[in-house]
1. In region 40-62, which residue that is touching a Lys or Arg at 6+ places or on another chain (Cβ under 9 Å) and not hydrophobic (A, V, I, L, M, F, W, C) is farthest from D82 (Cα to Cα)?
2. Specify which of the listed residues (R121, R111) is at pLDDT below 95, under 15 Å from the mean Cα position of the chain (by Cα) and buried (at least 16 other Cβ atoms within 10 Å of the Cβ).
Amino acid sequence: MTPKPFPCTGERGTRPTILLVEDEPFVLDATCRILQSAGFEVLPAANAQEAIQAYGASAPKIDLVMTDMVLPGRSGLQLVQDLRHGAPAIAVLLTSGYGDAGCDTDSLDARTYYLAKPYSRTTLIEKIRQILGAVPLRRAATQSG
């Protein structure tokens, strides 16, 4: 069964935006294609530094940060801590192919989620829909005020 594309969220047809951080080129490309085909806008980053730059340039439109736990130079958790200095409410989906990769998933806060690799397209899309349904989209909050 193929998941339906995520419905548009804004009055002008804006789509939820995901900052995707993945250091494996094949996984980054494949995940980008999966998310785009499901109706999401994707900002890809190959490492934490690229993610910080992309976030700085596009923060108001990013609804979710999806990051691998193991990145060169800085872990996914360290990246999340850096991003949350300026945006404490940003929703995060941590992923890893190494089990919990040093992350105590029982102690994650209400805005942080975990998904083990490998995951299926359906599982990924369902998880993101769950997250975006539980966390108000950033644009919706900024448009109403």
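The values are calculated or read from the model by the stated rules, or taken from the named source; none is laboratory data. Bear in mind the structure is a predicted one, so any value in this text is a computation, not a measurement. Cβ placement follows ideal geometry from the backbone for every residue including glycine, while neighbour counts extend to all protein chains displayed.
1. Of everything passing the filter in region 40-62, E41 is farthest from D82 (Cα to Cα).
2. Values: R121 fails: at pLDDT below 95.
Unique residue meeting the criteria: R111.
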